[in-house]
Structure formats: structure tokens, C-alpha cells
Amino acid sequence: MGGGLFPELEPEPEAAADAPGQRKRWSHSKLECYRNCPRAYRFRYIDRIRTERESIEGFMGARVHEALERLYQQVVMTRLPPVEEVVEHYHDRWRAEFSTNVEVIRPDRTADDYRRLGEECLRTFYRLRHPFDDGRTVGLEKTLEFTIGPGNHPMIGVIDRLVEVGPGQYEIHDYKTRQRLPDPWDLERDPQLALYQHGLVQLQPEVRSVRLVWHYLVHGRVLVSERTPERVRVAVGEAVRTIERIEADQAFEPRESPLCRWCEYRPICPVFQEPRTEAGAALVRRYGELKRRVEELRLAQAGLREEVAAYARARGLETIRGDGSSLEVERRSRWIEKAGEDGGALRARVLDRLAELGLLASSVTLDADALGAALEAGRLPPDVSDAVRPLLEKKYYPHIALHEEEARGGGPAP
Ligand code: SF4
């Protein structure tokens, strides 16, 4: 299993490569690649340019997926391997597969950091899921081949783990090793597992219900979603529209984005082939200098703001008079997520709690200040107040406004 083109993408199902003369087969990774950058799509799936390069994120994800597949293979055979065995096998595979083609992009990390992170993912998963008895595993790295849309576009996907939890009741489990937890709203719109749900129902008509389960291994979090047939149809419709856009595309324009840092086609991408000119270099230089000066001024202004606030506070002033202008100093407040906790985890806890209380739909764009204001005004039900109160704090800050007085007599100030 190779690493994905971009760190956020799943590795491509091996079978997704189109055989000559065969009708094009689509996969979530293919569609996502096009949405991220049509030119990368062209390089990979039309020009079929493959490089040896692999991102460390993709490499680590592939090793962790392998380790969990092996773990469940043994669980299916009624053997429960100790966690040390799982971890040891992971390190063995890491050593066997690692090469100089695996690229670490972030300058503050090493390959060893990722290796340890992968191990931590496995240890946390093991601790939280032990003794692995949450239903009957009926598929591991299970390939689904199905069709979507009125054009019956062939589609392929790989389910990390398919679980039968009751007669006709299934769960599609997916492992994620990315470090960013999705917002619940993004998760609800995530098309990948919805497409797999569509495929599963198409292939196994006895399926009565499907739950989508994501294991965010870095955070030790399990996120769950259930999609109504209507919402699955929406996901399928979006996939079909992307396929139609790809089929109609003639240019496959490059789309520059932060993902370019991870893109294996960067060395041949036209975006990064622009010739250097003296005039261009001078613009870059001037822009950089200006940016540095703006930053210096911003820091100086922040320091001065503190001084002004301290001066006004010491004298009990709301206005500091100057010559022809004045500063109005006002004490304002806003609610923020409490410091000292991991922001992502904190936000996820609040959202989880709101979801439990059935209030998620109105709070998907969690705004600590709006939530704090509602809390203060007593507009939240008591149990919601209890959930969010420990997670927020009110911060006071000086708001400073400069008022320039009109020059007397209409002329310029002396
Ligand atoms: S480097 Fe960026 S713009 Fe170029 S192909 Fe890759 S993702 Fe697209």
C-alpha cells in the first residue's frame, strides 16, 4: 500500500488503476485529488506519472493501517495478541519499508517523531478498544466495487474494517492518522464513507442500517455518523458531478495551495517552473521588507496599547487628551475557550456535549464569545450551561480608539 498523494488523502486502492480498454473506475481518492488540484489529477491518472516519493504522513498511516489489519485478523481467529506484539510488528514493517524516498516535509519533525506517533496511535487504540469485542468483523481492508449515478459509473473503495453488529446492521470503520480532528460539520459532510455505505447497500440488499465510524487515532477519539438514504444520495450526486467535471475538463489547471508542499509533482508542475527575473525578485524583496516593517509596527502598537491602558487605569481615565486628538480607553470583554487545554480537544468536547443534547445543528459554528454571551444571559438550558461553563472564560481587554479633532476654523491644525 503506497502513501497518498497528499497527507490528508487515503492511500489509493491498488485495484483503482484503470486497465487499458477498461471503463474508467473511480475512487474517493481520485475524486478528492481532482478537487484538490486538477493538474495533480492529470499527472497521476491521465499521464500516469508515478514517482518514488512518499510523504511520511502517508507512510506512517500505511504502517498503522497494516498493524490494525493484522491485529483484527488475529482477533477473528480468536487470538488476542498482546499490545507489545502489535507494536513490535509495526516497527518491523517500518524498518522493512522505510527508504530515502519517504519525505519529511515539516522542518520541525523527524521520521522518528512520526514513527513514535504511529506507535502511540496503536497503543491508545489498543487500550481503548481492548478486548475488541464490538461486533463481528466481516471484512478487513475489504474492497467494494459498485456503481454510482444514472450513468452507472464504476466505483471502487476499501473499507478498513466492516463490522456486523446485529442482523442486517453494519458499521463501516475507518482509521485516520491525521493530526487535525474534523469539525463535526465537516465530518457530517464527509463523502467517503457515505459512498461506501451506498456501495454496501447496493451489493448486500439485506443491509438494514449502517453506522459510519471514524477512529481518529492520534486523539484516541471515535466519531460516529449515520446517514439517511437522502444524504447518501446527496454524496453520490456530488461524486457524479465531480466525475462529469473531470470528463469535461480539457485544461486541468493547476490549483496552488498549501498542499503543494506535499505534492510529488511539484518538480514538474508549471506553477513552480516560473523563470526568475530581476524585476520579479525585486518585488519579492520589497514585499518581504514591507511585511517585516508592518510586523515591527504591529508589535510596537501592541506595546503602546499596554502603556496607554496602564496610564488610564492608574488615573481612572476614560479619555486621554492630546493636542488636537484624544484616546478613548474602554474596558471590554469577550469569552474565549479556556487556556491551558488543547484547543481542538476542548472544542470537540463542547461539540460532543452539544450533540448529546441534540443542539448540534444550531452550534456547528462554535463561537466561544456567542456561546459565553448566551450563557451569561441565561439563554442556555441548565444542562447545556453546565456543559460549557467549565470550558469558557471571560477575558477583559482595553479597547482604544483614537479621535482626531477637527481643526478649528476649517484650516489645517497649526
Ligand atoms: S504542485 Fe500544487 S499546483 Fe502543482 S500539481 Fe501539485 S498540487 Fe497541483
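Every number in this text was worked out from the coordinates using simple rules, so none of it is lab data. Keep in mind that this is a model prediction, so the values were computed, not measured. Virtual Cβ from ideal backbone geometry, glycine too; neighbours counted across all protein chains shown.
Couple of notes before you dig in:
- Extending 7 Å from Cα along the Cβ direction at GLN179 and again at HIS130 yields two label points whose distance is 2.7 nm.
- Taking trypsin sites (Lys or Arg not before Pro) across region 220-296, the ones in a DSSP loop with at most 11 further Cβ atoms lying within 10 angstrom of their Cβ are ARG276.
- Placing dummy labels 7 Å off each Cα toward the beta-carbon, the span from GLU296 to ASP249 is 4.5 nm.
- Principal axis dimensions, region 177-229 - Cα atoms, whole angstrom, descending: 36, 18, 13
- Estimated 222 nm signal from helices in the chain, with DSSP H stretches of n ≥ 4 weighted -39500 (n - 2.57), rounded to 500: -13500 deg cm²/dmol
- Mean Cβ neighbour count within 10 Å, used as a protection proxy, ranking 300-311, 371-382 highest first: 371-382, 300-311
- Among GLY168, PHE272, ALA111 - extreme Cα towards positive end, dipole of the chain, charges at beta-carbon: PHE272
- Under the Debye formula (equal points on every Cα, no solvent term), log10 I(q)/I(0) of the chain at q = 0.06, 0.07, 0.09 Å⁻¹: -0.37, -0.50, -0.77
- Dipole magnitude of the chain about its Cα centre (Cβ charges: Lys, Arg +1; Asp, Glu -1), debye to nearest 20: 380 debye
- Region 14-248: proportion of alpha-carbon pairs further apart than 22 angstrom, %: 58 percent
- Using alpha-carbon coordinates, inclination of helix 56-76 to the longest axis of the chain, degrees: 50 degrees
- Measure of compaction for region 165-259 (Cα Rg per 2.2 N^0.38 Å): 1.27
- With the charge dipole of the chain set up from +1 on Lys and Arg Cβ and -1 on Asp and Glu Cβ about the Cα centre, the Cα lying farthest toward the positive end among the listed residues LEU140, ALA62, HIS153 is that of HIS153.
- Stretch gain in nm, segment SER99-LEU304, where the contour uses 0.36 nm per residue and the Cα spacing is subtracted: 68.5 nm
- Approximate spin-label separation VAL165-ARG189, in nm, with each point projected 7 Å along Cα-to-Cβ: 2.6 nm
- Helix 343-356 axis, angle to the chain major axis (alpha carbon atoms, nearest 10°): 70 degrees
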